[in-house]
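Report on the structure given below.
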Amino acid sequence: MINVMNAFPDVMIDHDNKYFYEGLLNHRLILNRCGDCGTWHGEPLRAICGNCHSWNNTHQEVSGEGTVYMMTLLHQGPAIEGVSYNPPLPFAVVEFDIQKGLRVSGKLIGKNTDFSAIGKRARLVWPAGQVAPRLAFEIVEAA
Ligand SMILES: [Zn+2]
């Protein structure tokens, strides 16, 4: 099994984010959640709850469904396996349904990755073939 530190050499893995990156390797989105007040924490992952200042940090899987809060086109960025910036990479911030204001970012793939994606429903997807998976979202088409 690939080691999380070898898989993400560009990331400083620490006690606050290791569950997140281990989750990526297993195609699971693991976020920090306060064990006292229940507040979810998006990026950056911190040791202390921003709501109640508790150190009682827990780690739980989320489904990754929400609404595109904002997006941009990245013309350049860090060298990451499987990521190209030509053409520019659609990159979105998705606000998850489970908590108002809980936002997580990732590349936007599939159809409708232009700026009309803002405000649309999105879900987390795991493209095949990534040794070190990164978060990716696709727009959910209205039925
Ligand atoms: Zn808390």
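Read-outs: derived from the displayed coordinates by stated rules, not from any lab. All values derive from a computational prediction rather than experimental measurement. Quick reminder, even Gly has a Cβ in these numbers, built from the backbone with ideal geometry, and neighbours come from all protein chains shown.
Number of Lys-Lys pairs in the chain with C-alpha atoms under 24 Å apart and a separation of 8 or more places or on different chains: 4. Working ranking of peptides 114-122, 5-13 by packing, defined as the average number of other Cβ atoms within 10 Å per residue, highest first, is 114-122, 5-13.
Computed over region 64-139, relative contact order equals 35 percent, with contacts defined as Cα pairs under 8 Å that lie 6+ residues apart. Shown here is the pair-distance distribution of the chain: with all Cα-Cα distances grouped in 5 Å bins from zero up to the longest one, the shares run 2, 10, 18, 20, 21, 16, 9, 4, 0 percent.
Across region 56-67, coupling constants 3J(HN,Hα) worked out from phi with the 6.51/-1.76/1.60 Karplus curve, θ = phi - 60°, read 7, 8, 10, 9, 9, 7, 10, 7, x, 10, x, 10 Hz, and Gly and Pro carry x.
Averaging the sequence gap over all C-alpha pairs within less than 8 Å and six or more residues apart, then dividing by the number of residues, gives region 4-61 a relative contact order of 29 percent. Using a cutoff of 8 angstrom between alpha carbon atoms and counting only pairs six or more residues apart, the relative contact order for the chain works out to 20 percent. When Rg and the Kirkwood Rh are both derived from Cα coordinates, the Rg/Rh ratio for region 64-139 amounts to 0.95. Close amide H contacts of residue 74 (hydrogens built in the peptide plane, cut-off under 5 Å, sequence separation of 5 or more or a different chain): 89, 91.
When the chymotrypsin sites (Phe, Trp or Tyr not before Pro) in region 1-90 are filtered for DSSP coil states and for at most 11 other beta-carbon atoms within 10 Å of their beta-carbon, the remaining sites are 55.
For the charge dipole of the chain, defined by +1 on Lys and Arg C-beta atoms and -1 on Asp and Glu C-beta atoms about the Cα centroid, which residue among 94, 49, 5 has the Cα displaced farthest towards the positive pole? In the chain, that residue is 94.
The charge dipole of the chain, taken about its Cα centre with unit charges on the Cβ of Lys, Arg, Asp and Glu (plus for the first two, minus for the last two), comes to roughly 180 debye. Helix-only arithmetic for the chain: the sum of -39500 (n - 2.57) across DSSP H runs with n ≥ 4, divided by the residue total, places the mean residue ellipticity at 222 nm at -2000 deg cm²/dmol.
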